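Read through the structure below, which is laid out as structure tokens, and then see the notes.
The values are calculated or read from the model by the stated rules, or taken from the named source; none is laboratory data. Note that the coordinates shown come from a computational prediction; the quantities given were computed from them, not determined experimentally. When we count neighbours, we look across all protein chains shown, and the Cβ atoms used for this are built from the backbone with ideal geometry, even at glycine. Heavy atoms of the whole protein, side chains included, go into the accessibility calculation; ligands, DNA and RNA do not. Shrake-Rupley method; radii C 1.70, N 1.55, O 1.52, S 1.80 Å.
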Amino acid sequence: MNTAGIGLPVDVPSTALFTDHYELTMLQAALRAGTADRRSVFEVFTRRLPEGRRYGVVAGTGRVLDAVENFRFDANVLGFLRERRIVDEETVDWLASYRFDGDIWGYPEGEVYFPGSPVLRVEGSFAECVLLETVILSILNHDSAIAAAASRMASAAGDRPLIEMGARRTHELAAVAASRAAYVGGFSTTSDLAAGFRYGIPTVGTSAHAFTLLHDRERDAFQAQVESLGRGTTLLVDTYDVTEAVRAAVEVAGPELGAVRIDSGDLLLVAHRVRQQLDALGAERTRIIVTSDLDEYAIASLAAAPVDAYGVGTQLVTGSGHPTCSMVYKLVARAESADPNAPLVPVAKKSSGGKTSIGGRKWAARRLDRDGVAEAEVIGTGPVPGELADRQLLVELVKGGQVIAREPLDVVRDRHAVARANLPLSATQLSRGEAVIPTEYFHLGT
């Protein structure tokens with residue numbers, strides 16, 4: 001079983017500077033004003049889905065939990081803050097003992113979300129919560145965007161496996177996070193060894209065109225690879241002439257050849273020709289893997305092709321046109337004073353321009369129809385209606401500063417498959433459209 005997400009022995013440096021300058025200056029001003037200790041509630045949500053998307057995917061929660069645990073201001077970080085005079089000495093002293101001691105609730109990782117869904121709720125003093133804004137949004141916006149693209153690709157691929165191979169198309173650290181998010185969204189393997197090491201994701205890979213070009217003959221390259229990796233390996237057959245390469249591949253490896261990979265040309269046409277040739281040569285069990293700038297639309301167009309697996313790179317790690325989810329982190333309630341027993345007061349931004357928010361500490365539930373299919377995302381404040389009590393979405397992730405909800409990555413991946421399957425069938429359509437279910441608000445502001 002994939003154990004990623006439950007504490008692999010990987011050293012993680014401090015995440016305290018994965019933040020914006022103004023988070024610390026707000027802290028300094030709040031400490032001086034005596035408001036830093038006011039109990040506060042922040043929520044992460046998006047006002048709208050990326051254009052044309054019908055659902056979002058919550059991904060990165062496990063990485064958020066790691067980031068919160070490692071949000072510590074060590075001597076080097078404190079020295080940097082002093083040297084640059086980013087905050088005053090009193091604030092530096094306060095940061096020296098910073099530990100998040102509050103509570104975090106959120107949608108379980110892998111769950112789907114919609115406009116207004118409170119995918120994460122952070123509760124504690126204003127001071128301890130406000131510092132986490134940037135790192136939380138950085139993780140959730142990136143990972144959820146990649147997972148949503150991966151989910152669409154997985155839906156288009158059906159039961160054919162998907163290989164994540166986008167490491168060379170993005171920042172080296174983003175590549176590892178993208179691989180994890182892609183696995184959540186439905187990909188089966190990755191080419192990125194760092195992702196395999198850190199998160200336990202299965203890794204795959206054989207050779208590139210350079211290996212073929214290194215040898216005097218294509219057949220020599222195939223022979224070397226088969227002798228090294230066995231007959232079940234995957235041979236790349238489009239360096240020169242595909243027909244000649246397939247013939248040589250089967251002659252070298254025999255009918256036990258594991259797979260051939262096609263990385264260029266008209267993939268639909270070439271795949272049909274290669275399948276016919278493989279069958280004629282007695283290699284009926286040899287699989288066909290296609291790569292070459294695939295996205296969900298290209299994958300869908302190959303549904304009728306004799307393709308066994310897809311490798312996806314650039315379009316996946318860039319969110320297939322939507323590299324962020326536009327999630328925001330907003331203060332929605334705060335205490336009237338620093339008194340721990342002071343009541344919470346709903347607060348919200350009311351400016352024009354489409355950036356308003358709704359105040360109050362919220363719950364969320366998903367209403368199902370008689371067939372068990374999702375029909376609405378219901379968000380409210382105050383008591384939860386009885387009929388929705390067992391459909392609530394938020395779960396406790398951190399309690400009193402302690403992480404209590406680590407999960408194996410395979411559990412998260414399976415959860416997403418179930419969540420997507422419980423959406424209306426139109427959720428799988430690749431055509432542009434609105435959110436597949438509406439968001440309804442219950443008793444907000446009353």
>> Using only the heavy atoms of the protein chains and a 1.4 Å probe, how would S292, S431 rank by accessible area, largest first?
In response: S431, S292
>> Rounded to the nearest percent, how much of the accessible area of the chain (1.4 Å probe, protein heavy atoms only) is carbon and sulfur?
In response: 51 percent
>> Using a 1.4 Å probe on the protein heavy atoms only, what accessible surface does S357 show? Give it in Å² to the nearest 10.
In response: 10 Å²
> If ligands, DNA and RNA are left out, what is the accessible area of F71 with a 1.4 Å probe, given in Å² to the nearest 10?
Replying inline: 0 Å²
> Along the charge dipole of the chain, Cβ charges K/R +1 and D/E -1, which of A75, T439, V312 sits furthest on the positive end?
Replying inline: T439
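Excluding R99 itself, what net charge comes from residues whose Cβ is under 10 Å from its Cβ, given Lys and Arg +1 and Asp and Glu -1?
-2
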>> Principal axis extents for region 139-181, Cα atoms only, whole Å, descending order, please.
In response: 29, 21, 13
>> How much accessible area per residue does region 332-372 have, counting only protein heavy atoms and a probe of 1.4 Å, in square angstrom?
In response: 60 Å²
>> For the full complex of protein chains and a 1.4 angstrom probe, list E336, E440 by accessible area with the highest value first.
In response: E336, E440
>> Which one, A417, A96, T25, is farthest towards the positive end of the dipole of the chain when Lys and Arg carry +1 and Asp and Glu -1 on their Cβ?
In response: T25
> What's the percent breakdown of Cα-Cα distances in region 155-281 across 5 Å bins, shortest bin first?
Replying inline: 2, 10, 18, 18, 18, 16, 12, 5, 0
>> Let me check something: with ligands and nucleic acids excluded, how do Y107, Y22 order by accessible area (1.4 Å probe), largest to smallest?
In response: Y22, Y107
>> Only Cα pairs within less than 10 Å get springs; with that Gaussian network setup on the chain, which residue of D238, D369, D74 has the largest fluctuation?
In response: D369
>> Nearest 500 deg cm²/dmol is fine: what mean residue ellipticity at 222 nm does the chain get from its DSSP H runs of n ≥ 4 alone, each adding -39,500 (n - 2.57), divided by its residue count?
In response: -10500 deg cm²/dmol
>> Quick test of the membrane-span-like rule: which DSSP H helices of the chain reach at least 30 Å along their long axis (C-alpha atoms) with mean Kyte hydropathy at least -0.5?
In response: 133-157
> Placing +1 at every Lys and Arg Cβ and -1 at every Asp and Glu Cβ, with all other atoms neutral, what dipole size does the chain have around its Cα centre, in debye to the nearest 20?
Replying inline: 920 debye
>> Give me the 1.4 Å probe accessible area per residue for region 78-134, excluding ligands and nucleic acids, in Å².
In response: 35 Å²
> Taking the Cα centre of region 166-272 as origin and charging only Cβ (+1 Lys, Arg; -1 Asp, Glu), how large is the dipole, in debye to the nearest 20?
Replying inline: 500 debye
>> Given contacts defined as C-alpha pairs under 8 Å and at least six residues apart, what's the relative contact order of region 11-93, whole-number percent?
In response: 54 percent
> If you find the alpha carbon centre of region 18-68 and of region 113-129, how far apart are they in angstrom?
Replying inline: 7 Å
>> With Cα extents along the principal axes in Å as the read-out, I listed [x] 79, 58, 39; [y] 69, 50, 32; [z] 69, 62, 42; which label goes with the value calculated from this structure?
In response: [x]
> Going by a ≥ b ≥ c, the root eigenvalues of the Cα gyration tensor, does region 369-416 fall in the rounded group (a/c under 1.5), the prolate group (a/b larger than b/c) or the oblate group?
Replying inline: oblate
> Which one of T190, V226, H215 is farthest out on the positive end of the charge dipole of region 160-246, using unit charges on Cβ (Lys, Arg +1; Asp, Glu -1) and the Cα centre as origin?
Replying inline: T190
>> Translational diffusion coefficient of region 320-446 at 4 °C, 1.567 mPa s, Stokes-Einstein with Kirkwood Rh over Cα pairs, in µm²/s as a whole number.
In response: 73 µm²/s
>> Using a 1.4 Å probe on the protein heavy atoms only, what accessible surface does L269 show? Give it in Å² to the nearest 10.
In response: 80 Å²
